[in-house]
Amino acid sequence: MREDAKLDLARQFHRTLAAAKKLLWKELRNRQLDGFEFVRQAPVGPFIVDFLCRNHPLIVEVDGATHASDDEIADDRRRSAKLEKRGHRVVRLPISEVLESMDLALKVIRLELADFPSPAASRLPLPQAGEAEKQPLPLAGEEDPAQPDQVRGSEGYLT
């Protein structure tokens, strides 16, 4: 399938998201889940996945009633195996779980993300006005050019 055809198909899927996918998207969008960035209906290789984490290799798929037959379950397993060969983890959530217990669905996703550092925790605060001009403090054993008269004691501390 051509890239532009995949993007067109992704847009079509995007417009026809099922109610469960819309509800889950409300919880995942705008980095609401612990700062992780998700996109929906994303092309990954030859597939279009429901939700893709941009921070880490995690894919979330919502499976509806059409994923219940033995053949469809086998197809889902093959698809997941191919995505995993590309380096992604795949979480499959039953549509009923998303509709009836969003907290449980989010807990499952969080458990899969637990191995990865949260982007929200790693963000450093932006410098305040005037802080960017401040010079870093000298390391132990270095002289501070701003204070040439400084004296260091035997343990390296300024006295």
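The values are calculated or read from the model by the stated rules, or taken from the named source; none is laboratory data. A quick note: this is a predicted structure, and the numbers were derived from the prediction, not measured. Here the Cβ is made from the backbone with ideal geometry for all residues, glycine too, and neighbour counts use every protein chain on show. Just the protein is used for accessible areas: all its heavy atoms, side chains included, with ligands, DNA and RNA removed. Shrake-Rupley method; radii C 1.70, N 1.55, O 1.52, S 1.80 Å.
General observations
- Residue selected from region 1-31 under the condition farther than 23 Å from residue 58 by Cβ and not acidic (Asp, Glu), by the criterion modelled with the highest pLDDT: 5
- Residues that are over 14 Å from the mean Cα position of the chain (by Cα) and either on the phi > 0 side of the Ramachandran plot or of a type in the set (D, E, K, R) (or both) within region 88-122 comprise 92, 97, 100, 103, 107, listed in sequence order.
- Yes/no for residue 86 being in contact with a strand residue (DSSP E or B) (Cβ under 8 Å, 6 or more places away or on another chain) and open to solvent by 30 Å² or more (accessible area, probe 1.4 Å): yes
- With respect to the stated conditions, residue 112 is open to solvent by 50 Å² or more (accessible area, probe 1.4 Å), among the charged types (D, E, K, R) and modelled with pLDDT under 95.
- Restricting the search to helices (runs of 4 or more DSSP H) fully inside region 18-118 and requiring at least 2 residues that are closer than 22 Å to residue 5 by Cα gives 70-85.
Here is a yes/no grid of residues against (1) touching a residue at least 40 places away in the same chain (Cβ under 8 Å); (2) polar (S, T, N, Q); (3) touching a helix residue (DSSP H, G or I) at 6+ places or on another chain (Cβ under 9 Å); (4) crowded, with 17+ Cβ neighbours inside 10 Å:
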| position | (1), (2), (3), (4) |
| --- | --- |
| 30 | no, yes, no, no |
| 40 | no, no, yes, yes |
| 46 | yes, no, yes, no |
| 59 | no, no, yes, yes |
| 62 | yes, no, yes, yes |
| 73 | no, no, yes, no |
| 78 | no, no, no, no |
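- Filtered by the rule that a residue be closer than 20 Å to residue 52 by Cα and open to solvent by 80 Å² or more (accessible area, probe 1.4 Å), region 89-103 gives 99, 103.
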